[in-house]
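Just so it is clear, none of the values below were taken in a lab; they were calculated from the coordinates. Owing to the predicted nature of the structure, the values given are computational and were not obtained by experimental measurement. Cβ sites come from the backbone with ideal geometry, for glycine too, and all protein chains shown count toward neighbours.
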Amino acid sequence: MALYTYKAINLDGRMVQGRLDAINVVDLEMRLKRMDLDFINGEPVSESGLLNRVNVTRPELINFCFHLEQLTRAGVPIIESLNDLRDSMENPRFREVIAGMVESVEGGKTLSQAFHEHPRVFDEVFVSLVRAGEATGTLPGVLENLVETLKWQDELAAHTKKLVMYPAFLGTVVIGITLFMMLYLVPKMASFIRNMGQELPMQTKILMATSNFFVNYWYIVVFTPIIVTVVLFALIRSNPKLRYRFDEFKLAIPYIGDILRKIILSRFAAVFAMMYQSGITILDSIKSCEDVVGNAVMRNALRKVGELIGEGQNVTSAFHDAGIFPPLVIRMLRVGESTGELDKALRNVSYFYNRDVRESIERVQAMIEPVMTVTIGLILGWIMLAVLGPIYDIITQLKT
């Protein structure tokens, strides 16, 4: 389906405008007619612009799943539930998505098929779980699990953001202080030092040369890192081999890589457990988790696990032979497979890593702050030594 902007007239004769998903203009007109709107015109929306992207936040998705679970558990028909949610939704884009789902369900499609028509809002794991819930008659339970998982993902995303934002903030402070000194403070002092008319020490010459480079070629200093970063990420996105090497490098970073690995394993274990508990086969669960982990190295490992299980190996042996999963995961898989409670074992893995991630982030933050402080101190010490050294030499000569 494509997203269309439309103009129509409601029952009161007033002009209304909005956006709605439809197969084509004819389908758009039929959908608007079911909403008691007379179609005037409509055009497809370009998906290239940033302003046209779907903007449905995770808290909104959590509220949607929670209310849909409550209504479904109370026996309210799906169409009526979706209509109520559509009318109470504040986000206009999400309201249009739900309106399109109402049209799909009224047209004879299942709820999972209606979700599948909006992949930018509901991912493949979400759709697979709802499909399994429909097939097994446990849709309210699946929606309840989705609510808990989305809440956990929101918390995990907050931990990840915390891990990235704090070093980025301190790094920005260090860069800002360095630029201020090199572009403003050092040039002011350099003119005074030159007027002393004496031989300058080497560290002073290096400082003044560095400051002159910053002043004369500031655009290189400012824009080169930005251009290099943009080009590098574009190459990583377009080149699978380079993407694999980059993801491998991220996992190898001291301290940070270990935390990222735990975040990925926690996400994988939670989603795998939820899908397996919902009645989805192990192979289908692993295949869906390949896109959830968000790392090419882990994705290839899961693909290898799926191939080994397809060849007849048991789950524990397949994960062990992949050669990338830590002993804790293998041990819990072995226990879960032997007791027939694989989903419970995986949830224990997710809980352990989720708790460990919080503690690891706190430890890393406790390490980053003194490192940044020492870095700023070294920069200030170098500048003070280079500037005050010649002044101290002159004072010493005057005393003698």
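Data for the structure
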{"item": "Cα long-axis angle, helix 202-216 against the chain (0 to 90 degrees, to the nearest 10)", "result": "50 degrees"}
{"item": "Taking segment 2-51 and dividing mean pair separation by its residue count, relative contact order in percent (alpha carbons under 8 Å, at least six apart)", "result": "45 percent"}
{"item": "Restraint check, 262/344; 250/287; 151/287; 161/188; 7/109, Cα-Cα greater than 28 Å", "result": "161/188"}
{"item": "Orientation-averaged projected area, Cα convex hull of segment 128-197 (nm²)", "result": "6.8 nm²"}
{"item": "Choice from 173, 335, 97 showing the highest fluctuation, given a GNM over the chain with Cα pairs closer than 10 Å", "result": "173"}
{"item": "Kirkwood-based Rg to Rh ratio, segment 149-400, C-alpha trace", "result": "1.20"}
{"item": "Whole-Å distance, taken between Cα centres, linking segment 285-326 and segment 98-126", "result": "29 Å"}
{"item": "Relative contact order [Cα under 8 Å, 6+ residues apart], the chain, whole percent", "result": "13 percent"}
{"item": "Principal-axis tilt of helix 240-252 within the chain, Cα atoms, nearest 10 degrees", "result": "70 degrees"}
{"item": "Helix 58-73 axis, angle to the chain major axis (alpha carbon atoms, nearest 10°)", "result": "20 degrees"}
{"item": "GluC sites (Glu not before Pro), loop per DSSP, at most 16 other Cβ atoms within 10 Å - longest free stretch of the chain", "result": "200-310"}
{"item": "Reciprocal of mean inverse Cα separation for segment 307-361 (Kirkwood radius, Å)", "result": "11.9 Å"}
{"item": "Ranked 31, 58, criterion: other C-beta atoms within 10 Å, fewest first", "result": "58, 31"}
{"item": "Separation of alpha-carbon centers, segment 168-193 and segment 1-47, rounded to whole Å", "result": "56 Å"}
